[in-house]
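Below is one structure, written out as structure tokens, with a few remarks after it.
The values are calculated or read from the model by the stated rules, or taken from the named source; none is laboratory data. It should be emphasised that the depicted structure is a prediction, and the values quoted were computed from it without experimental measurement. Cβ atoms come from the backbone with ideal geometry, glycine included; neighbour counts cover every protein chain shown.
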Amino acid sequence: MRWCSDPGGDYPTPQLGFSCLSPPALPAWRVVNDLLTLPLAQRLELVQTLWDSIAAEQMGPELSDADRQLIDQRLERFLADGDPGLDADAVLEALEQSL
């Protein structure tokens, strides 16, 4: 996808090969054009860096003491049981057979 200037305004908009869409919320999209011209390996590295930065900022939901206690109990039961359950292939196979 390439970005083009909106003929009626100052905001660049995405161009899908034939027309421009309405202006995006962020006005600094000229950077996108520059990034899209990077070689594939560099774009992939950029994507990985962005995902890593997002993951680093992720905060889990605030848990109540009751929620935390329930999670701890379930984990303890799982670890004590030692039964990992069914693997995904077995579940999918059983599902296919039931259909």
Would you check which residues across the stretch 30-67 are exposed (fewer than 10 other Cβ atoms within 10 Å of the Cβ) and in contact (Cβ under 8 Å) with a residue 12 or more places away in the chain and list them? none
Would you pick out the residues in the stretch 82-99 that are under 28 Å from the mean Cα position of the chain (by Cα) and surrounded by fewer than 10 Cβ atoms within 10 Å (Cβ to Cβ)? Pro84, Gly85, Asp87, Ala88, Asp89, Leu95
For the condition loosely packed, with under 10 Cβ neighbours inside 10 Å, of a type in the set (A, V, I, L, M) and at pLDDT 90 or above, what is the one hit in Leu79, Leu70? Leu79
Filter the stretch 47-67 down to residues that are outside any helix (DSSP H, G or I) and at pLDDT 90 or above, then give me how many there are. 1
Failed item, numbered, when Asp10 is tested on (1) modelled with pLDDT under 50; (2) assigned to a strand (DSSP E or B); (3) not β-branched (Val, Ile, Thr): (2)
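Gly17: modelled with pLDDT under 90, in a loop (DSSP other than H, G, I, E, B), on the phi > 0 side of the Ramachandran plot and out of contact with any Pro (no Cβ under 7 Å at 6 or more places or on another chain), yes or no?
Yes.
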